[in-house]
Amino acid sequence: MTADDLVVPEGSEDNFAREWLETNGLGGWASSTVSGAHTRRYHGLLVVATCPPVGRVVLLSRLDETLILPTRRVELSCSIFPGVIHPRGDQWL
């Protein structure tokens with residue numbers, strides 16, 4: 001699945017299309033979309049190279065954040081499944 005395959009609510013397309021990338025110079029990186037939903041198989045928050053330039057391992061794929069308030073819970077994370085995006089943490093961006 002790519003960002004082009006997603007059916008997202010109008011006005012939130014940029015949250016899924018825009019990506020960020022941080023590298024460490026040793027063959028590892030962290031990358032995802034602005035929404036936090038992974039749209040590529042190479043997205044991950046902690047990807048290391050065990051034997052650069054190959055042998056990459058995802059040590060931390062993602063985090064699911066939840067804000068717990070006295071009267072409710074607010075899901076801040078965002079996940080993409082076939083036909084649905086849940087939870088919709090991107091709506092808070």
Condition set small (Gly, Ala, Ser) and surrounded by 16 or more Cβ atoms within 10 Å (Cβ to Cβ), scope region 32-61, selection nearest to residue 81 (Cα to Cα): answer is 37
Select, from 26, 67, the only residue that is among the hydrophobic types (A, V, I, L, M, F, W, C), at pLDDT 90 or above, outside any loop (DSSP other than H, G, I, E, B) and surrounded by fewer than 13 Cβ atoms within 10 Å (Cβ to Cβ).
67
Among the residues of region 70-88, the number that are surrounded by fewer than 16 Cβ atoms within 10 Å (Cβ to Cβ), part of a loop (DSSP other than H, G, I, E, B), modelled with pLDDT of 90 or more and not basic (Lys, Arg) is 2
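Looking at this structure, is residue 55 at pLDDT below 95 and assigned to a strand (DSSP E or B)? Explain how you work it out, then say what you get.
Numbers: at pLDDT below 95: yes; assigned to a strand (DSSP E or B): yes.
It is true that residue 55 is at pLDDT below 95 and assigned to a strand (DSSP E or B).
The values are calculated or read from the model by the stated rules, or taken from the named source; none is laboratory data. It should be emphasised that the depicted structure is a prediction, and the values quoted were computed from it without experimental measurement. FYI the Cβ positions are ideal-geometry reconstructions off the backbone, even for glycines, and counts take in every protein chain you see.
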